[in-house]
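Below: one structure, written as structure tokens.
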Protein chains: 2
Amino acid sequence: MRGTAWRQALWAVLLSLLAAAASAKTLPLPDGLVALNSPQGEQALVRSPAKAAYWELSLQFVTQKTQSFCGVASMVMVLNAAGVPAPPTPELEPYRVFTQDNILNEKTEAILPQSTIARQGITLDQLGGLVQSFGLTASVHHAADGSLAAFRDAAREQLAVPGRYVLVNYLRRAIGQERGGHISPLAAYDADSDSFLILDVARYKYPPVWVKAAALFDAMNTPDSDNGNRSRGYVLIGGGP
Amino acid sequence: MRGTAWRQALWAVLLSLLAAAASAKTLPLPDGLVALNSPQGEQALVRSPAKAAYWELSLQFVTQKTQSFCGVASMVMVLNAAGVPAPPTPELEPYRVFTQDNILNEKTEAILPQSTIARQGITLDQLGGLVQSFGLTASVHHAADGSLAAFRDAAREQLAVPGRYVLVNYLRRAIGQERGGHISPLAAYDADSDSFLILDVARYKYPPVWVKAAALFDAMNTPDSDNGNRSRGYVLIGGGP
């Protein structure tokens, strides 16, 4: 090996060690999922033409504050990205921003009491209703009522347009993750790998991942016992009614 | 105009309206600063060769929870990105993550009491000491003791390597922002515009911005009355001692 090759090899090893160290605190990813913070994941984002949502939502990324607050954290991200007027935020006066501490109000309480969210989280249909209560258009789609092709087309189109968002409600273990029902925003679509990027709000557990459209659809096409065994699915937010 | 041109023009207007709507809740940016979530800002990030820090820190982006917690929020981002073992996080058992509620401990209290942080925030020298207390190497650089060229070279090199970070302590009004001393992480360097990307933790106030290296250096080269009128500056984190 010439000196340059040696240096390059050493550099590659160092970089991979550092990358491993940097992600040591989240759970290992199952085969088939690609972390955004990997060379392959970064390339997919750079080449994706459908990532308007990424630029908006990544600036508003938050960690769910309790294990049942994935839906609440996802809504915080969307409402801040969409520029919906936030309620007073005492610690930040005169500025305002949606947080997981101020987003729930009288209207949301009428749709779904905070005590229920604390116990079992938010179902797909409740999520649609909660988003609408903030004045955004939101259409709820149960996976079992549609198809992979319809989901792929609708979500890809949505992610390419500023001011539009997709929240997905899926069963983690169906894509090899720990473990139950979960909600997070999508951020981009990559045609080369036919994958969607999930900005997972359980940042203490997993990095954002690229997941194959078919695998994500199957994980949404699972019965939710908290919702009368109707299937999970996705909510399209923004755009026409 | 042909039909295609009309549609393109209409599309451009719609996109700019949507972009304006999406950022309507933050303050207007002064001339010379480029928002990351603008076409120009996105292009600068895509072409930047020095953005390892961006991939790590953007996944850990948080909003400072009080107006004096910019330094605390910045440390939360760096410690999570670096994979430093986090303290117990009761709401997320068995998982752990640094938050602005659990990061301050007996060691930090000995360096700088939380009551002082609440009153006046963190100075550059205190920031270096606090970061070191978590076992990371951190070197403190007062702008007045160095030069623009030294800052540019050191920060650019740091941002290109995984596991290394730069925190900047600068006077906002020196770059035309509202208003006082502030701390946030850098995320990338763009050679074409000779600018650094600041992931501003006051997300309720400003989006991440690209700022000219010279303007940022001048804003760091300002006396801090909370630090015996020594100048502000930057902290290089990670790498050798």
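The values are calculated or read from the model by the stated rules, or taken from the named source; none is laboratory data. Only a predicted model underlies this, so the values are computations on that prediction, with no experimental measurement involved. As a convention, Cβ positions derive from the backbone with ideal geometry for all residues, glycine included, and neighbour counts pool all protein chains shown. What goes into the accessible areas is simple: the full protein's heavy atoms, side chains included, and nothing from ligands, DNA or RNA. Shrake-Rupley method; radii C 1.70, N 1.55, O 1.52, S 1.80 Å.
Before moving on, here are some points about what is shown:
- Residues of segment A:196-234 that bury at least 40 Å² of accessible area when the other protein chains are present, relative to the chain alone (probe 1.4 Å, heavy atoms, ligands and nucleic acids excluded): A:203, A:204.
- Gain on full stretching of the segment that runs from residue B:212 to residue B:31 - 0.36 nm per residue minus C-alpha separation: 64.0 nm
- Taking 26 Å as the straight-line reach from the Cα of residue A:107, the lysines in range (excluding those fewer than 8 positions away in the same chain) are A:65, B:25, B:65.
- Charge sum, other residues only, whose C-beta stays under 14 Å from residue B:51's C-beta, Lys/Arg counted +1 and Asp/Glu -1: -3
- Probe 1.4 Å, protein heavy atoms only - accessible area per residue of segment A:76-181 in square angstrom: 43 Å²
- The apolar share of the surface of segment B:91-170, taken as the fraction of accessible area on carbon and sulfur atoms (1.4 Å probe, ligands and nucleic acids excluded), comes to 47 percent.
- Between helix A:148-159 and chain A: long-axis angle, C-alpha atoms, 0 to 90°, nearest 10: 90 degrees
- Area of residue A:200 that stays accessible when all protein chains are in place (1.4 Å probe, Å², to 10): 0 Å²
- Spacing of the modelled spin labels on residue A:67 and residue B:173, each 7 Å from Cα toward Cβ, amounts to 4.9 nm.
- Separation of segment A:169-241 and segment B:94-154, taken as the distance between their Cα centroids, equals 37 angstrom.
- Buried on assembly, segment A:46-64 (at least 50 Å² less accessible surface than by itself, 1.4 Å probe): A:55, A:59
- Taking chain B as a Gaussian network of alpha-carbon nodes connected by springs under 10 Å, the highest mean-square fluctuation of the residues B:202, B:214, B:188 belongs to B:214.
- Within segment A:40-84: backbone nitrogen closer than 18 Å to the residue A:116 label point (7 Å, Cα to C-beta): A:68-73, A:75
- Across the identical copies, how the residue A:223 labels are spaced - nm, sorted shortest first, 7 Å along Cα→Cβ: 7.4
- Solvent-accessible area lost on pairing A with B (1.4 Å probe, both sides summed) amounts to about 3600 Å².
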